[in-house]
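Student: Could you have a look at this structure, given as structure tokens, before my questions?
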Amino acid sequence: MDVIANVNWLATGVGTIVAFLVGWAWYSPLLFGVKWAEGSRVDLGTADQMPVFAMASQLLALLFLATVIGITRVSEDLLTAVLAILAVATFNASGGAFVQKTNYAITVDFFYIIACGAVMIACQGLL
């Protein structure tokens, strides 16, 4: 339990929030959102039409990943953090393939998780 007690919770929280905001931009019409939505067979809709469960689940998953990265920071094991990020991204890609998303949509999802991991690692290193 010493590992958990020594996690930089500020960096973990900031990493979670920044990664969530990156997702907001990533899936917006300004970046990849329009073509991703077509490839995922979803409607982008407006901010007041956001699926609450999906958004809450996303935030919780980001918090879990940021916590794993925080733990790997304490144990000085960056390779484990990178492998965890790649595992999550690959599982997500696999799920996207099963539900027959386009390759574009799968790629957008995959690299969003990679970007989130990079943000979280940076927060652990900077804060």
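The values are calculated or read from the model by the stated rules, or taken from the named source; none is laboratory data. This is a predicted model, so every value here is computed, not measured. Ideal geometry is used to build each Cβ from the backbone, glycine not excepted, and the neighbour counts take in all protein chains shown. Accessible surface areas use protein heavy atoms only, side chains included; no ligands, DNA or RNA. Shrake-Rupley method; radii C 1.70, N 1.55, O 1.52, S 1.80 Å.
Student: Once Lys and Arg get +1 and Asp and Glu get -1 on their Cβ, which of Met50, Leu60, Val99 lies farthest toward the positive end of the dipole of the chain?
Tutor: Val99
Student: Then there's this: Using unit Cβ charges (K, R positive; D, E negative) and no other charged atoms, how large, in debye to the nearest 20, is the dipole of the chain about its Cα centre? Present the calculation step by step, with values, prior to reporting the outcome.
Tutor: Working: 4 positive and 7 negative charges, 41 e Å.
With Lys and Arg at +1 and Asp and Glu at -1, about 200 debye.
Student: Have a look at Ala93, Ala25, Ala11 and tell me which one the Gaussian network model of the chain (Cα, springs below 10 Å) gives the largest fluctuation.
Tutor: Of the options given, Ala25 has the highest mean-square fluctuation.
Student: Report the dimensions of segment 76-127 along its three principal axes from the alpha-carbon atoms, largest first, rounded to Å.
Tutor: Reported extents, whole Å, longest axis first: 39, 16, 10.
Student: Sum -39500 (n - 2.57) across every DSSP H segment of at least 4 residues in the chain, then divide by the residue count to get the 222 nm mean residue ellipticity, nearest 500.
Tutor: Working: 6 runs with 98 residues, N = 127.
About -25500 deg cm²/dmol.
Student: Something else about it: Using all C-alpha to C-alpha distances in the chain, build P(r) with 5 Å bins and read off the rounded percent in each one.
Tutor: Pairs per bin, as whole percents: 2, 11, 19, 23, 19, 12, 8, 4, 1, 0.
Student: With every protein chain present, what is the per residue accessible area of segment 39-127 (1.4 Å probe, Å²)?
Tutor: Working: 5340 Å² over 89 residues.
Per residue, segment 39-127 has an accessible area of 60 Å².
Student: If R₀ is 25 angstrom, what is the calculated FRET efficiency for the pair Phe64 and Leu31, using the beta carbon separation as r and rounding to 0.05?
Tutor: Values: r = 24 Å, r/R0 = 0.98.
For R0 = 25 Å, the calculated efficiency reads 0.55.
Student: Which distance in nm do the two modelled labels at Gln100 and Val74 give, with both placed 7 Å along the Cα-to-Cβ direction?
Tutor: Result for the modelled spin labels: 4.6 nm.
Student: Another question about this same structure. Over segment 1-93, calculate the relative contact order: mean separation of alpha carbon pairs under 8 Å at least 6 apart, over the residue count, as a percent.
Tutor: Numbers: 50 pairs, mean separation 37.2, N = 93.
Computed value for segment 1-93: 40 percent relative contact order.
Student: Moving on to the next point. Roughly to the nearest percent, how much of the accessible area of the chain is carbon and sulfur, given a 1.4 Å probe? Provide the component values of the computation, followed by the final result.
Tutor: Values: 5580 of 7740 Å².
Carbon-and-sulfur percentage of accessible area, whole number: 72.
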